[in-house]
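J.: Let me begin by handing over the structure; questions about it come next.
Nothing in this text is a laboratory measurement; each read-out follows from the coordinates by a stated rule. Worth saying up front: this structure is predicted, and the values here are computed from it rather than measured. Please note: Cβ atoms are built from the backbone with ideal geometry, for glycine as well, and neighbour counts cover all protein chains shown.
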Amino acid sequence: MSFREAIELLTSSASEIGRSVDAIFWALTAICGFMVLLLGTLILYFCVRYRRGSQADRTISGVSQTPLEIAWVAIPLLIFLGLFVWAGVVFFHMARPPDNALEIHVVGKQWMWKIQHPDGRREINELHLPVGRPVVLLMISQDVIHSFYVPAFRTKQDVLPGRYSRSWFVPTKTGVYHLFCAEYCGTEHSRMVGKVYVLEPAEYSGWLAREAEPNSVVATGERLFLSRGCAGCHVAGGPIRSPLLEGIFRKPVALANGTTVIADEAYLRDSILVPNQDVVAGYDPVMPTFQGQLAEEEVLQLVAYLKSLTIERQKSP
Amino acid sequence: MNPAISQAPLQPLASEPDYLRSAQTLGSWLLTTDHKRIGILYMISITLLFFIGGVAAALLRLELASPAGDLVASATYNKLFTIHGVIMVWFFLIPSVPTVLGNFLLPLMIGARDVAFPRLNLASWYIFMFGACFTVFAIVAGGVDTGWTFYTPYSSTYANGAVIAMAAGVFITGFASIATGLNFIVTIHKMRAPGLTWFRLPLFVWTLYTTSLILVLATPVLAITLFLMALERLFGVGIFDPALGGDPILFQHLFWFYSHPAVYIMILPGMGVTSEIIACFARKRIFGYRFVAYASIAIAVLGFLVWGHHMFVSGQSVYAGAVFSLLSFLVAVPSAIKVFNWTATLYKGSITFDTPMLYALGFIGLFTVGGLTGLFVAALAVDVHLTDTYFVIAHFHYVMVGGMVMAYLGGIHFWWPKISGRLYPEFPARISALTIFAGFNLTFFPQFVLGMLGMPRRYHVYPDEFQLLNVLSSAGASILAVGYILPLAYLLWSLRYGKRAPANPWRATGLEWTTPSPPPTHNFAVTPTVNEPPYAYETLDEPSRDYV
């Protein structure tokens, strides 16, 4: 890497949030750099001026201690609080993906990233994205903890086994960027890397079409819903009385134990794999578990299908 | 000789031989209950362990000189950074200042004959060595590749190797920490010399006290955590692995509940050493003594409440993240207080630059950089980018190596005349202090830039564009290695050939300087009485100033 490229990398990010992060980063660097210079200069100056044997005046001129102590507690404290709020606001923004984001599924395993786009196209250790559009990654690990890190986007999110995590960003510059696993995950951890390709929207569509999958994620989820027998019960008037799933996503669900949960992705996943954990009020705990029978990709597809039921219902009143 | 120069008059010369010559059989060392000898036992042990951890670090830096994984295999590389982390954290940094300098000096500084529980003190060394044996066994018996953090479910389910033996070593060693902490707390409460009130204590004693509180309160949590991890690994009890119904984030909460306070175990005593040295070589009372003392307490208390800042991207709630971020900014304030007060102490001092002072000034500089870069990783949105990269590696090495190791070496040089009864050679010592400072910065400063560029930690192979900075870092490490070997050589040399040390070669305040060097077995022939505040350098130096 040449010097210019390094400066380029340090000062420019390739995502919307990256600009905010870099602004805080350089503000911190300026504040801390100033502090180091100030303290360094003072220490050097004192060391030279008050070295033993120097003729410097050493009479104590009644430096009052308490106001000084209060000053150097209060001033840093105020600066710190400002930095805390600034970085916190950006962080909360990072944690809330917009509803219109393109949802891409990521499954981490020792030692690769398996990725599926909504239209069904899959890739491994590569991620193709359209520029200028919000993207949310819905991620889960098949084994240990991994972490999905794209330095150019300034985003990083641990990818956990047994739990969905999310990361979102708006790529702002076309190009090729590093994808790293940032959480140590075993022998080949440093080879669990890949490339992120940010393309013009038309190029992205072209890329999707190049190796078109026969089925979108939702369609695959629907096929699973039928082939795994979910549809056998979860229909109106089915043989076993089961909760209907249309419009369930993000709605409150009253449980048999008296509590209420919001039916988010985690709830839908748990209901497939550990159905007796959160039984819906008024129903018997009769659903069999699908633990060990569905790969994480398939669970993601099923969840995507269940989420799509909401949208369809809203579309056709 | 000026009679009124010290807090207490020099002790009468005892007929008793000094602690080194009182008995010289191997048994007299291995069964000693003398806090000074136990300090020496710890010094020898942790020096050996430091060099084991150091060899692992050297191999890591050698491997990282090129982007390809060409020196060792990935599995070996992962074992090396685990060895380096486990040994350096639990078998060097945590015991370093407390068990060596703390054991040797605490009773001397407070005018006591020994610590409160001398036999427990010896037991702690045996427990420590027993734990060290497990750890060394784990290294020899195939190694462990979990990293020093033992994150689950990798450690409990997926990792091969001697995970249990390694964790057992750490588990056992924890009891040595608890014994030492307990001993120090009781000693400081109950055994201070007449007149030695809390606010007449040297700041080093304050930091030993706060460190001991953390050792006693936090270490049991580490033991519990490792025990649960072992339960899951050995018997498949589902605690952390989601496949068994557990929660992997729970492990991180428990682990950092210990390991973040442990960071303060690894820096507070170094701050204490620095306070002693700065006061002595600036010939001044520490500016804002009470603020510096209270800052230690504040660090110890707040240090228990910031563990979640290691987990901003782990999947922890964003609201928890916000609370931990705020508290992490707050814990930076007492550290800043200390740095400002040390700087103010230099003002109108009469400063000399003997080796301990070079280390103390180096400590202030490197700790300041380490502390300030902590703000970057305390800031939520910025930490998302920097966590688990080389930025974090650089940050905590600035605090722990630039801070604690500098302070430890500064303290070793400062008190070497008292410990060994010999003076070390000043010229090579100054050279080594400067070498370490230069080598350290060359090793770790490039790592900040690597982290900003996004290079993740624990990477055996890395993209070519990071090579230049890695080569700089590895070059720095080789300089650092020379800097660490030098003191070993000349300090050993001084044991035989060094000039005999007087009782108080630095004309320092503090009760430890009123006994002969080396001290007699029972420290003080007459129990000293204290009637002055600490660091009374101005009154001490006044008579001599009149003659100038």
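J.: Rounded, prolate or oblate: which one fits the stretch A:216-312, using the alpha carbon gyration tensor with axes a ≥ b ≥ c (rounded when a/c is under 1.5, else prolate when a/b beats b/c, else oblate)? Walk me through the intermediate numbers first.
T.: On the way: a/c = 1.40, a/b = 1.32, b/c = 1.06.
Since a/c stays below 1.5, the shape of the stretch A:216-312 is classed as rounded.
J.: Further, regarding this structure: Identify the chymotrypsin sites (Phe, Trp or Tyr not before Pro) of the stretch A:213-317 meeting these criteria: DSSP loop state and at most 16 other C-beta atoms within 10 Å of the C-beta.
T.: Working: sites: A:Phe225, A:Phe249, A:Tyr267, A:Tyr283, A:Phe290, A:Tyr305; in loops: A:Phe249, A:Tyr283, A:Phe290.
Those satisfying the criteria are A:Tyr283.
J.: What's the extension gain from A:Asn257 to A:Val176 if we count 0.36 nm per residue and subtract their Cα-Cα distance? Intermediate values should be presented prior to the final figure.
T.: Values: separation 81, 0.36 × 81 = 29.16 nm, distance 5.02 nm.
Length gained between A:Asn257 and A:Val176: 24.1 nm.
J.: Could you check which residue among A:Glu296, A:Glu211, A:Glu103 shows the biggest mean-square fluctuation in a GNM of chain A with a 10 Å Cα cutoff?
T.: Its mean-square fluctuation being the largest, the pick is A:Glu211.
J.: Need the full-extension length gain, B:Thr539 to B:Phe353, defined as separation in residues times 0.36 nm minus the C-alpha distance. One decimal, nm. Could the numbers behind the result be given before it?
T.: Working: separation 186, 0.36 × 186 = 66.96 nm, distance 2.13 nm.
Working it through step by step, the gained length comes to 64.8 nm.
J.: Which net charge results for the neighbourhood of A:Pro130, defined as the other residues with beta-carbon distances under 15 angstrom from its beta-carbon, given Lys and Arg at +1 and Asp and Glu at -1?
T.: Numbers: positive: A:Arg121, A:Arg133, A:Lys173, A:Arg210; negative: A:Glu16, A:Glu103, A:Asp119, A:Glu123, A:Glu126, A:Glu200, A:Glu203.
Every neighbour counted, the sum reads -3.
J.: Could you tell me whether the stretch A:105-224 comes out rounded, prolate or oblate from its Cα gyration tensor? Rule is a ≥ b ≥ c as square roots of the eigenvalues, rounded for a/c under 1.5, then prolate if a/b exceeds b/c, otherwise oblate.
T.: Working: a/c = 1.81, a/b = 1.20, b/c = 1.50.
Oblate shape, in that a/c is at least 1.5 and b/c is the bigger or equal ratio.
J.: Shifting gears a bit: Of A:Thr66, A:Thr289, A:Thr260, which has the largest mean-square fluctuation in a 10 Å C-alpha GNM of chain A?
T.: Highest fluctuation among the options: A:Thr66.
J.: Just report the Cα centroid separation between the stretch B:330-367 and the stretch B:19-87, whole Å.
T.: If we compute the Cα centre of each part, the gap is 29 Å.
J.: Turning to a different aspect of this structure: What shape does the stretch A:171-228 have by the C-alpha gyration tensor, where a ≥ b ≥ c are the square roots of the eigenvalues, rounded means a/c under 1.5, and otherwise prolate means a/b greater than b/c and oblate the rest? Write down the numbers at each step before the final one.
T.: Details: a/c = 3.15, a/b = 1.24, b/c = 2.54.
Oblate is the answer for the stretch A:171-228, as a/c is 1.5 or above yet b/c matches or exceeds a/b.
J.: Here's a follow-up. Residues in the stretch B:126-164, backbone N under 18 Å from the label point at B:Phe235 (7 Å along the Cα-to-beta-carbon vector): list them, ranges by number please.
T.: B:156-157, B:164
J.: Right, another one. Which one of A:Met35, A:Met192, A:Met287 has the biggest mean-square fluctuation once chain A is modelled by GNM with Cα springs under 10 Å?
T.: Sorting by GNM fluctuation, first place goes to A:Met35.
J.: Can you tell me the FRET efficiency between A:Lys195 and B:Glu426 if r is taken as the Cβ-Cβ distance and R0 is 45 Å, rounded to the nearest 0.05?
T.: Computed FRET efficiency for A:Lys195 and B:Glu426: 0.20.
J.: In addition: Give me the number: length gained by fully extending B:Leu217 to B:Thr33, i.e. 0.36 nm times residue separation minus the C-alpha to C-alpha distance, one decimal in nm. If you can, show how the numbers build up before the last one.
T.: Values: separation 184, 0.36 × 184 = 66.24 nm, distance 2.53 nm.
So the chain would gain 63.7 nm between B:Leu217 and B:Thr33.
J.: Once you average over the residues of A:70-79, how many Cβ atoms of partner chains fall within 10 Å of each Cβ? Each step should come with its number before you reach the end.
T.: Numbers: counts 1, 1, 10, 7, 1, 1, 8, 5, 0, 2.
For this peptide, the per-residue mean of nearby foreign Cβ atoms is 4.
J.: Separate question: Taking each residue in A:22-28, count the Cβ atoms of any other chain within 10 Å of its Cβ, then average. What number comes out?
T.: Values: counts 3, 2, 6, 7, 0, 2, 7.
For peptide A:22-28, the averaged partner shielding equals 4.
J.: Still on this model: Relative contact order of the stretch A:53-131: what whole-number percent is it, with Cα pairs under 8 angstrom and at least 6 residues apart? Numbers along the way, then the final one.
T.: Details: 36 pairs, mean separation 10.3, N = 79.
The normalised contact order for the stretch A:53-131 reaches 13 percent.
J.: Describe numerically, in nm with one decimal, the distance between label points set 7 Å from Cα along Cα→Cβ at A:Ala295 and at A:Arg228.
T.: Distance between label points: 1.3 nm.
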